[in-house]
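Values in this text are rule-based calculations from the coordinates and carry no lab data. On a predicted model such as this, the values are computed, not experimentally measured, just so you know. As a convention, Cβ positions derive from the backbone with ideal geometry for all residues, glycine included, and neighbour counts pool all protein chains shown.
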Amino acid sequence: MLEIKDLRATVGGKEILKGINLTIKPGEIHAVMGPNGAGKSTLSYVLSGRAGYEVTGGSVLYKGVDLLDMSPDERACRGLFLAFQYPVEIPGVASATFLKTAFNAQRKFRGEEELDAMQFLKLVRKKTTELGIKDDMLKRAVNVGFSGGEKKRNEVLQMALFEPDLMLLDETDSGLDIDALKVAADGVNRLRSPERSALIITHYQRLLDYIVPDFVHVLADGKIVKSGDKSLALELEEKGYAEISAA
Amino acid sequence: MAVSQETVEQVASVSEKYKYGFVSDIEADMAPLGLNEDIVRFISAKKDEPEWMLEWRLKAYRYWLTMEEPTWANVDYPKIDFQDIYYYSAPKTKVNPKSLDEVDPELLEVYKKLGIPLKEQEVLAGVEGAYNVAVDAVFDSVSVATTFRERLEKEGVIFCPISEAIRNHPELVKKYMGSVVPYTDNYYSALNCAVFTDGSFCYIPKGVRCPMELSTYFRINAAQTGQFERTLIIAEDDSYVSYLEGCTAPMRDENQLHAAVVELIIMDNAEIKYSTVQNWYPGDENGVGGIYNFVTKRAACRGVNSKVSWTQVETGSAITWKYPSCILQGDNSVGEFYSIAITNNLQQADTGTKMIHLGKNTSSTIISKGISAGRAQSTYRGLVRMGKKAENARNHTVCDSLLIGDKCGAHTVPYIENQSRTAKIEHEATTSKVSEEQLFYCQQRGLSEEESMALIVNGFCKEVLQKLPMEFAVEAQKLVGISLEGSVG
Ligand SMILES: Nc1ncnc2c1ncn2[C@@H]1O[C@H](COP(=O)(O)OP(=O)(O)OP(=O)(O)O)[C@@H](O)[C@H]1O
Ligand SMILES: [Mg+2]
């Protein structure tokens with residue numbers, strides 16, 4: 001699914017990713033943990049193609065093709081989804097309009113027929129019901145005036161709608177109450193399949209109680225300093241990053 | 001974070017699309033080149049006008065000769081050579097067709113290509129989805145067709161080319177034309193009074209709610225011609241009308257002048273809703289060609305509780321220079337101005353409004369959304385004046401500018417004159433940039449950069465787009481996207 005080799009990237013002229021190696025096979029869930037400023041969000045932006053994040057070395061293959069060559073929208077249309085650490089507000093654009101426009105853009109890319117307003121609404125309602133998310137936010141402008149938790153729920157809803165092949169979640173659990181945390185985990189678990197993979201950035205073990213990862217990695221100072229199975233997360237919680245990174 | 005230069009350039013490489021840029025090969029009857037009293041007489045004779053009209057034109061012309069071209073607007077263009085313009089150009093075809101069957105099929109074809117519904121059968125036959133609108137089609141200097149006239153006449157509504165109104169309804173024209181914008185008003189309105197060729201006339205009698213939208217579609221086709229149109233709308237007591245105008249022109253390397261005058265008169269408890277989607281050819285990405293759109297639009301709310309709202313979507317023209325204004329004379333009268341002005345590449349716009357409060361409890365609302373991309377410059381210029389007798393008058397102004405890239409500019413020039421001790425005036429202004437963050441968020445959901453931009457900008461304009469009649473709103477939304485193509489980032 002994803003093959004990252006010696007990936008280096010700079011932001012604002014400063015090297016942040018200093019040689020990342022990571023392979024994610026179809027069906028696998030990888031958790032990435034690490035101290036603030038380690039480069040976790042940077043990794044998610046580089047993978048999704050954000051402007052200003054310059055790749056200076058290494059390669060990334062996604063489903064066997066060069067990911068770094070694609071525009072951000074092409075990556076999205078090919079099934080890569082990023083749940084943002086800080087979802088962005090778009091004033092004046094109703095969430096429903098935003099979702100429908102994007103959803104149809106993706107369908108068009110794949111050569112599928114676009115959904116009309118009614119069909120689309122039906123689909124969204126199905127997803128909100130499944131996840132237990134209130135659909136009144138569909139009428140509101142994208143993320144405008146949403147609480148922190150609502151913004152994150154909105155990301156989960158979008159993920160459920162787009163049904164991506166590769167889910168990147170950047171601290172989707174931060175700032176969530178326990179119910180919302182379950183919604184987020186449920187969103188991932190519902191999509192979990194032998195064909196889909198996920199990279200989950202988090203600071204807390206509690207999310208991993210609900211989404212059990214196949215692998216856990218520690219990212220510190222732009223490098224993966226340690227990898228292990230789900231027990232690594234427990235160990236981290238106990239000892240902190242400093243001890244693990246030093247080890 | 002601002003949009004990266006790379007993005008700006010990348011998107012700038014996408015070619016400009018102005019789908020109305022074609023020229024139609026239609027034989028024209030033209031006036032000799034240039035301007036003098038004989039040309040004014042020529043136009044008047046072509047229109048078969050009564051003597052009083054010619055006299056008025058000549059007075060305006062002589063007055064215009066004494067005037068200086070104004071220079072206060074924040075726009076920059078080479079001096080216009082008024083002797084290098086054709087002031088009259090009409091298709092050589094049957095003038096004043098009685099019905100659509102008599103209209104030159106080639107002309108009908110042009111309007112079909114432009115997407116203008118010059119047909120009555122569908123609506124009359126009740127075809128579902130047929131757009132219920134009466135259209136006056138002005139092609140260069142003449143009106144070539146006006147639809148649904150009989151249906152409107154049944155309600156007492158007069159909707160016809162202004163040249164015809166001058167002949168058939170002289171008492172109305174004499175009474176109202178020039179009563180809101182006198183020929184002495186300004187340089188371009190004086191010129192317009194002298195050489196105006198066509199435009200629409202609407203009269204809504206007392207107590208009538210106009211049964212359909214009225215619209216005029218202006219098309220400039222012939223090269224080197226100026227279009228000087230004149231529109232006059234009168235809403236008598238307790239009446240209502242919604243009027244729309246649209247404009248397009250071929251792509252040409254030369255600049256062409258469009259100097260219109262629009263006058264609205266609104267009596268007791270009456271309302272006029274006036275919407276414009278202006279999409280004249282804007283010139284190419286290097287600023288070559290395009291229309292100079294120098295327009296005077298003014299509404300007089302003469303009656304108590306009268307109301308006017310101007311809604312404009314200005315996306316075209318090399319230069320736009322216009323201030324649709326409201327004179328709020330009647331007590332409790334209401335004036336509204338909702339504007340979207342998009343400038344891209346080297347377009348320039350200096351636009352806004354004037355709210356002149358004279359009566360008691362008059363109120364006005366101004367919502368202006370200016371969007372600049374490329375190397376364009378956009379200025380909002382607005383006057384709010386509260387007269388001595390404007391007790392408890394209120395104005396609320398919101399003026400938002402959005403910048404795309406870092407080579408364009410937005411300027412806000414509010415003028416406030418208050419002589420009323422009880423008046424309330426509120427003014428809010430913001431300037432923002434389309435953030436890289438917003439674009440990336442949209443792109444991460446699968447929208448291309450241009451689609452993302454169109455979505456974000458449409459969101460920014462939403463309050464104004466909502467004010468347009470439904471059918472127009474959808475078109476306008478698409479237009480917002482299209483007009484940003486080629487230099488967004
Ligand atoms: N535009 C920028 N210019 C310079 N440095 C930047 C820029 N953007 C991010 N950085 C730096 O890159 C480093 C990595 O940031 P990143 O957001 O990837 O960290 P993170 O691991 O996600 O941290 P957190 O756990 O706090 O979310 C930080 O030191 C940050 O200050
Ligand atoms: Mg982060």
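Some points to look at:
- Computed log₁₀ I(q)/I(0) - Debye formula, equal Cα scatterers, no solvent, region A:1-97, q 0.10, 0.18 Å⁻¹: -0.29, -0.91
- Approximate shape of region A:58-145 as ellipsoid semi-axes (Cα gyration tensor, √5λ), whole Å, largest first: 26, 17, 12
- Label sites at B:T431 and A:E54, each approximated as a point 7 angstrom past Cα along Cα to Cβ, lie 2.9 nm apart.
- Mean partner shielding of peptide A:139-152, defined as the number of other chain Cβ atoms within 10 Å of each residue Cβ, is 1.
- Per-bin percent of Cα-Cα distances, region B:195-246 [5 Å]: 5, 18, 24, 20, 13, 11, 6, 3, 1
- Derived scalar couplings ³J(HN,Hα) [region A:197-210; Karplus, 6.51 cos²θ - 1.76 cosθ + 1.60; whole Hz; x for Gly, Pro]: 10, 8, 10, 10, 8, 7, 9, 10, 4, 4, 5, 6, 5, 8
- 3J(HN,Hα) from dihedral phi, region B:317-328, Karplus parametrisation 6.51/-1.76/1.60, rounded to Hz, x for glycine, proline: 6, 5, 9, 10, 9, 7, 9, x, 10, 10, 9, 9
- Along principal axes, Cα extents of region A:109-247, largest first, whole Å: 57, 34, 24
- For the segment A:62-75, counting C-beta atoms of other chains within 10 Å of every residue's C-beta and taking the mean gives 2.
- Taking amide H atoms as placed 1.01 Å from N in the peptide plane, the amide H of B:D29 lies under 5 Å from those of B:A90, B:K92, each 5 or more residues away in sequence or on another chain.
- Set of lysines with alpha-carbon distance to A:K152 below 18 Å, sequence-local pairs under 8 removed: A:K40, A:K127, A:K134, A:K139, A:K182
- Residue-wise HN-Hα couplings along region A:106-114, as the Karplus relation 6.51 cos²θ - 1.76 cosθ + 1.60 with θ = phi - 60° gives them from phi, are 5, 5, 4, 4, 8, x, 9, 6, 6 Hz; Gly and Pro carry x.
- Computed from label points 7 Å out along Cα-Cβ, the spacing between B:I416 and A:D177 is 4.3 nm.
- With q set to 0.11, 0.12, 0.15, 0.19 Å⁻¹, the log10 of I(q)/I(0) for region B:335-452, from the Debye formula over equal scatterers at the Cα positions, is -0.46, -0.52, -0.70, -0.92.
- Computed from the C-beta positions of B:E102 and B:L172, the FRET efficiency with R₀ = 35 Å rounds to 0.85.
- Convex hull of chain A built on C-alpha atoms - directionally averaged projected area, nm²: 13.0 nm²
- Over 36 Å [Cα-Cα, the protein assembly as shown], rounded percent: 50 percent
- Region B:334-463, relative contact order [Cα under 8 Å, separation at least 6], %: 23 percent
- Per-residue ellipticity at 222 nm from helix content only, as computed over chain A with -39500 (n - 2.57) for each DSSP H run of at least four residues, stands at -11500 deg cm²/dmol.
- Protection proxy ranking for B:391-399, B:406-414, B:342-350, using the average of other Cβ atoms within 10 Å per residue and placing the highest first: B:342-350, B:391-399, B:406-414.
- Distance distribution note for region B:302-357: the fraction of Cα pairs above 18 angstrom is 40%.
- Computed extension gain for B:S179 through B:I80, at 0.36 nm per residue and net of the alpha carbon distance, reaches 32.8 nm.
- Applying the criteria of a DSSP loop state and at most 16 other Cβ atoms within 10 Å to the trypsin sites (Lys or Arg not before Pro) of region B:416-468 yields B:R421.
- Helix-only arithmetic for chain B: the sum of -39500 (n - 2.57) across DSSP H runs with n ≥ 4, divided by the residue total, places the mean residue ellipticity at 222 nm at -7000 deg cm²/dmol.
- Diffusion constant of chain B at 37 °C, which comes from Stokes-Einstein with the Kirkwood Cα-pair radius and 0.692 mPa s, µm²/s: 144 µm²/s
- Residues whose amide H comes within less than 5 Å of that of B:G34, counting only those at least five positions distant or on another chain, are B:I85, B:Y86, B:Y87 (H built at 1.01 Å from N in the peptide plane).
- Between A:K226 and A:V218, the built amide H atoms are under 5 Å apart, and every one of these is 5 or more places off in sequence or on another chain.
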